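Take a look at the structure below.
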Amino acid sequence: MGVVGRAHGVRGLVRVHAFTEEPEALAEYPLVDRVGRRFALEWVSEGVAQLAEVSAKGRRVIADRGEAEKLVNLELFVPRSALPETDGEEYYLADLVGLTALDEAGKSLGTVAAVHDYGGGTSLEIVPGELLVPFTRAAVPIVNLAGGHVVVVPPAVVQVTP
(Lines give C-alpha, C1' and ligand atoms only; values in the text may rest on other atoms or scores of the structure.)
Protein backbone atom coordinates (compact mmCIF):
# COMPACT_ATOMS: atom_id res chain seq x y z
CA MET A 1 0.00 0.00 0.00
CA GLY A 2 3.05 2.22 0.29
CA VAL A 3 6.82 2.46 -0.04
CA VAL A 4 9.18 4.48 2.12
CA GLY A 5 11.28 6.89 0.09
CA ARG A 6 14.25 8.98 1.11
CA ALA A 7 14.76 10.54 4.50
CA HIS A 8 13.43 14.08 4.95
CA GLY A 9 15.34 16.27 7.38
CA VAL A 10 17.26 15.15 10.48
CA ARG A 11 14.42 14.09 12.83
CA GLY A 12 13.53 10.74 11.25
CA LEU A 13 10.89 11.92 8.81
CA VAL A 14 10.58 10.03 5.52
CA ARG A 15 8.91 10.50 2.19
CA VAL A 16 6.22 7.87 1.65
CA HIS A 17 4.71 6.93 -1.70
CA ALA A 18 1.13 5.79 -0.98
CA PHE A 19 -0.75 3.55 -3.40
CA THR A 20 -4.15 4.21 -1.89
CA GLU A 21 -6.89 6.17 -3.64
CA GLU A 22 -6.47 8.89 -1.02
CA PRO A 23 -2.84 8.96 0.20
CA GLU A 24 -3.79 10.25 3.66
CA ALA A 25 -5.83 7.05 4.21
CA LEU A 26 -2.58 5.09 4.60
CA ALA A 27 -2.28 6.48 8.15
CA GLU A 28 -5.58 4.80 9.10
CA TYR A 29 -4.38 1.23 8.49
CA PRO A 30 -2.23 -1.14 10.53
CA LEU A 31 0.96 -1.41 8.44
CA VAL A 32 3.36 -4.33 8.23
CA ASP A 33 6.51 -5.00 6.24
CA ARG A 34 7.50 -8.23 4.46
CA VAL A 35 8.93 -9.79 7.62
CA GLY A 36 5.97 -8.91 9.83
CA ARG A 37 7.26 -5.81 11.64
CA ARG A 38 4.38 -3.49 12.44
CA PHE A 39 4.41 0.24 11.78
CA ALA A 40 2.22 3.28 12.34
CA LEU A 41 2.37 6.34 10.13
CA GLU A 42 1.48 9.95 10.81
CA TRP A 43 1.52 12.47 7.97
CA VAL A 44 3.29 15.74 8.76
CA SER A 45 2.99 17.30 5.29
CA GLU A 46 2.17 16.18 1.78
CA GLY A 47 4.12 12.98 1.12
CA VAL A 48 6.19 13.30 4.32
CA ALA A 49 5.50 11.14 7.36
CA GLN A 50 6.73 10.18 10.80
CA LEU A 51 6.96 6.39 11.17
CA ALA A 52 6.86 4.45 14.38
CA GLU A 53 7.62 0.77 14.85
CA VAL A 54 4.84 -0.89 16.86
CA SER A 55 5.51 -3.79 19.24
CA ALA A 56 3.99 -5.29 22.37
CA LYS A 57 5.95 -2.67 24.32
CA GLY A 58 4.24 0.17 22.40
CA ARG A 59 5.31 2.62 19.69
CA ARG A 60 8.92 3.51 19.05
CA VAL A 61 9.15 6.60 16.87
CA ILE A 62 11.83 6.64 14.16
CA ALA A 63 13.53 9.79 15.44
CA ASP A 64 16.78 10.31 13.53
CA ARG A 65 17.92 10.54 9.95
CA GLY A 66 20.27 7.55 10.15
CA GLU A 67 17.47 5.22 11.20
CA ALA A 68 15.13 6.75 8.59
CA GLU A 69 17.72 6.13 5.84
CA LYS A 70 17.73 2.41 6.72
CA LEU A 71 14.01 2.30 5.83
CA VAL A 72 14.40 3.54 2.25
CA ASN A 73 12.47 1.22 -0.13
CA LEU A 74 10.68 -0.49 2.77
CA GLU A 75 7.37 -1.78 1.41
CA LEU A 76 4.35 -1.24 3.66
CA PHE A 77 1.46 -3.67 3.47
CA VAL A 78 -2.02 -3.74 4.97
CA PRO A 79 -3.65 -6.98 6.11
CA ARG A 80 -6.46 -7.87 3.68
CA SER A 81 -8.90 -8.07 6.61
CA ALA A 82 -8.33 -4.35 7.34
CA LEU A 83 -9.43 -3.20 3.87
CA PRO A 84 -13.03 -2.13 3.17
CA GLU A 85 -15.25 -4.32 1.05
CA THR A 86 -15.31 -3.52 -2.65
CA ASP A 87 -18.40 -2.40 -4.56
CA GLY A 88 -19.83 -4.16 -7.59
CA GLU A 89 -17.21 -4.10 -10.31
CA GLU A 90 -14.31 -3.05 -8.09
CA TYR A 91 -11.52 -5.47 -7.27
CA TYR A 92 -8.40 -5.48 -5.19
CA LEU A 93 -5.75 -6.42 -7.73
CA ALA A 94 -4.22 -8.91 -5.29
CA ASP A 95 -7.51 -10.83 -5.36
CA LEU A 96 -7.03 -11.52 -9.08
CA VAL A 97 -3.76 -13.40 -8.56
CA GLY A 98 -4.39 -17.15 -8.58
CA LEU A 99 -7.63 -17.02 -10.55
CA THR A 100 -7.99 -19.42 -13.47
CA ALA A 101 -7.98 -17.67 -16.84
CA LEU A 102 -10.52 -19.13 -19.27
CA ASP A 103 -11.08 -18.33 -22.92
CA GLU A 104 -14.59 -17.52 -24.17
CA ALA A 105 -15.29 -21.23 -24.77
CA GLY A 106 -14.36 -22.10 -21.17
CA LYS A 107 -10.98 -23.66 -21.98
CA SER A 108 -8.23 -22.95 -19.47
CA LEU A 109 -5.51 -20.56 -20.61
CA GLY A 110 -3.62 -20.82 -17.32
CA THR A 111 -3.56 -18.91 -14.05
CA VAL A 112 -3.25 -15.21 -13.29
CA ALA A 113 0.30 -15.13 -11.90
CA ALA A 114 0.68 -11.39 -11.43
CA VAL A 115 -0.99 -8.04 -11.94
CA HIS A 116 1.23 -5.31 -13.38
CA ASP A 117 0.66 -1.57 -13.49
CA TYR A 118 3.54 0.48 -14.84
CA GLY A 119 1.48 3.62 -15.32
CA GLY A 120 0.05 2.87 -18.75
CA GLY A 121 -2.78 0.69 -17.45
CA THR A 122 -3.12 -2.54 -15.55
CA SER A 123 -2.35 -5.89 -17.18
CA LEU A 124 -2.69 -9.52 -16.13
CA GLU A 125 0.16 -11.99 -16.55
CA ILE A 126 -1.14 -15.47 -17.28
CA VAL A 127 1.08 -18.55 -17.02
CA PRO A 128 2.05 -20.92 -18.46
CA GLY A 129 2.49 -19.36 -21.86
CA GLU A 130 3.55 -15.90 -20.68
CA LEU A 131 0.33 -14.27 -21.89
CA LEU A 132 0.05 -10.61 -20.92
CA VAL A 133 -3.39 -9.04 -21.40
CA PRO A 134 -4.65 -5.56 -20.59
CA PHE A 135 -7.07 -5.53 -17.67
CA THR A 136 -9.87 -3.88 -19.64
CA ARG A 137 -13.48 -4.90 -20.14
CA ALA A 138 -12.68 -5.80 -23.79
CA ALA A 139 -9.83 -8.17 -22.89
CA VAL A 140 -11.23 -9.41 -19.55
CA PRO A 141 -15.02 -9.18 -19.87
CA ILE A 142 -15.80 -11.40 -16.85
CA VAL A 143 -14.25 -11.46 -13.39
CA ASN A 144 -15.83 -14.08 -11.15
CA LEU A 145 -14.03 -13.98 -7.79
CA ALA A 146 -16.50 -16.37 -6.16
CA GLY A 147 -16.09 -18.83 -9.06
CA GLY A 148 -12.32 -18.43 -9.06
CA HIS A 149 -11.90 -17.41 -12.68
CA VAL A 150 -11.66 -14.65 -15.25
CA VAL A 151 -12.66 -14.86 -18.89
CA VAL A 152 -9.93 -13.56 -21.17
CA VAL A 153 -10.24 -12.46 -24.79
CA PRO A 154 -6.62 -11.95 -25.84
CA PRO A 155 -6.02 -9.12 -28.28
CA ALA A 156 -5.23 -10.19 -31.84
CA VAL A 157 -1.61 -11.04 -32.46
CA VAL A 158 0.01 -9.01 -35.20
CA GLN A 159 2.78 -10.73 -37.15
CA VAL A 160 5.55 -8.42 -38.23
CA THR A 161 7.70 -9.60 -41.12
CA PRO A 162 11.03 -8.02 -42.02
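Does Gly47 satisfy being under 17 Å from Val3 (Cα atoms) and either surrounded by 11 or more Cβ atoms within 10 Å (Cβ to Cβ) or in the same structural domain as Val14 (by TED's automatic domain parsing) (or both)?
On the way: under 17 Å from Val3 (Cα atoms): yes; either surrounded by 11 or more Cβ atoms within 10 Å (Cβ to Cβ) or in the same structural domain as Val14 (by TED's automatic domain parsing) (or both): yes.
Judged against the criteria, Gly47 is a match.
Which one of these does Val78 not meet: (1) exposed (fewer than 13 other Cβ atoms within 10 Å of the Cβ); (2) within 23 Å of Ala114 (Cβ to Cβ)?
The one condition Val78 does not meet is (1).
Suppose we filter Val10, Val14 for residues that are surrounded by 14 or more Cβ atoms within 10 Å (Cβ to Cβ) and on the phi < 0 side of the Ramachandran plot; which single one remains? Lay out the reasoning, then the answer.
Working: Val10 fails: surrounded by 14 or more Cβ atoms within 10 Å (Cβ to Cβ).
Every option except Val14 fails the conditions.
Quick check on my filter: what residues within region 18-30 are under 13 Å from the mean Cα position of the chain (by Cα), at pLDDT 90 or above and farther than 11 Å from Glu42 by Cβ? Can you show your working first?
Taking region 18-30 and keeping what is under 13 Å from the mean Cα position of the chain (by Cα), we get 18-21, 26.
Then drop every residue that is not at pLDDT 90 or above, which leaves 18, 26.
Ala18, the sole residue that qualifies.
Of everything in region 85-135 that's loosely packed, with under 13 Cβ neighbours inside 10 Å and polar (S, T, N, Q), which residue is farthest from the chain's Cα centre (by Cα)?
Filtering first and then ranking leaves Ser108.
What's the total number of residues in region 83-110 that are farther than 26 Å from Val32 by Cβ and either not assigned by TED's automatic domain parsing to the domain that holds Asn144 or not basic (Lys, Arg) (or both)?
12
The values are calculated or read from the model by the stated rules, or taken from the named source; none is laboratory data. What you are looking at is a predicted structure, and each value in this text was computed from that prediction instead of being measured. Every residue, glycine as well, gets a Cβ built from its backbone with ideal geometry; the counts of neighbours run over all protein chains shown.
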